[in-house]
Each structure stands twice: as C-alpha cells, then as structure tokens.
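The values are calculated or read from the model by the stated rules, or taken from the named source; none is laboratory data. Nothing here was measured: the structure is a model prediction, and the numbers come from that model. Accessible surface areas use protein heavy atoms only, side chains included; no ligands, DNA or RNA. Shrake-Rupley method; radii C 1.70, N 1.55, O 1.52, S 1.80 Å.
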Amino acid sequence: MMKHTDDFKREAVRIAMSSGLSPRRVSSDLGVGLSTLCKWVSVFRPTDLVAAPQADLARENERLRLENRVLKEERDILKKATQFFASQRREVCVRGELATSLAGGDNVPGDAGQRAWLPVVAGPAGEPADAR
C-alpha cells in the first residue's frame with residue numbers, strides 16, 4: 001500500500017472538484033482507487049477548498065457589520081442633534097408679503113416669489129410670541 005502526502009491528496013481533491021472530469025477518470029489518471037478518492041474528497045473538501053472562500057466572506061461580513069454599527073451610531077447622533085436644535089429655535093418660511101405681517105411691520109427683503117426666513121420667538125409656554 002502506497003502512502004500519499006496530504007499535499008497530493010489536496011491536489012487530487014482540487015482536480016476532482018474543478019476539472020469537470022468524472023471521479024472515476026480522475027482516480028484512474030492519478031493511480032488511486034475510486035473509493036480512496038471519494039474518501040479524500042469527503043475529508044479535504046469541507047476544510048480546505050471551502051474554508052478559504054468562507055473565511056473571506058466571514059471577514060467581509062464582520063467588516064460590514066462594523067461599518068453598519070458606526071453608521072447607525074452617527075445617524076442616532078444626528079437625530080439627537082436635529083431634535084436639540086429644532087427645540088432651540090424655530091423658523092417659519094413665508095413669502096415676502098406674508099412675512100411683513102408676521103414680522104410685526106418689519107420689512108423683509110424679497111418679492112412675492114422669494115422665500116424669507118423669519119425667526120419665531122417662543123413665549124413662556126412654548127407658544128410663538130405672535131400667538132399671545
């Protein structure tokens with residue numbers, strides 16, 4: 001009985017899996033029995049031929065999970081900042097003519113087609129000053 005090295009066995013499995021030849025043909029070309037080649041395929045295929053692509057996918061998956069977590073944290077921070085600034089100052093977008101009446105007579109530059117931003121001062125109960 002001939003003793004084959006692990007490298008020979010791995011190469012035989014690679015040939016059997018990727019050559020497109022039948023296992024019977026590969027075993028006869030390599031001078032090993034069909035059952036021996038099938039045994040090598042069951043031993044070496046799951047660990048060596050599949051493990052490398054799976055390891056790459058696992059690393060990529062972990063990298064994407066980390067990136068996703070960072071993006072979610074950034075999004076949450078931006079949401080909180082938006083809520084904070086929205087509660088600090090409210091602004092109303094109005095057209096030129098309507099802006100003068102809301103501003104209490106202050107003239108707002110721009111014609112009727114342009115938008116003007118006017119700060120709305122909050123009263124003691126959180127209501128706009130104009131509502132009092």
For P53, indicate whether it is outside any helix (DSSP H, G or I) and at pLDDT 55 or above. no
Is region 3-22 home to any residue that is open to solvent by 100 Å² or more (accessible area, probe 1.4 Å) and within 36 Å of the chain's Cα centre (by Cα)? yes
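Out of the residues in region 23-50 that are modelled with pLDDT under 75 and either of a type in the set (K, R) or over 15 Å from F8 (Cα atoms) (or both), which is least open to solvent (accessible area, probe 1.4 Å)?
Initial filter on region 23-50 (modelled with pLDDT under 75): 45-50.
Adding the requirement that they be either of a type in the set (K, R) or over 15 Å from F8 (Cα atoms) (or both) leaves 45-47, 50.
Details: R45: 107, P46: 79, T47: 79, V50: 60 Å².
If we take residues in region 23-50 being modelled with pLDDT under 75 and either of a type in the set (K, R) or over 15 Å from F8 (Cα atoms) (or both), then V50 is least open to solvent (accessible area, probe 1.4 Å).
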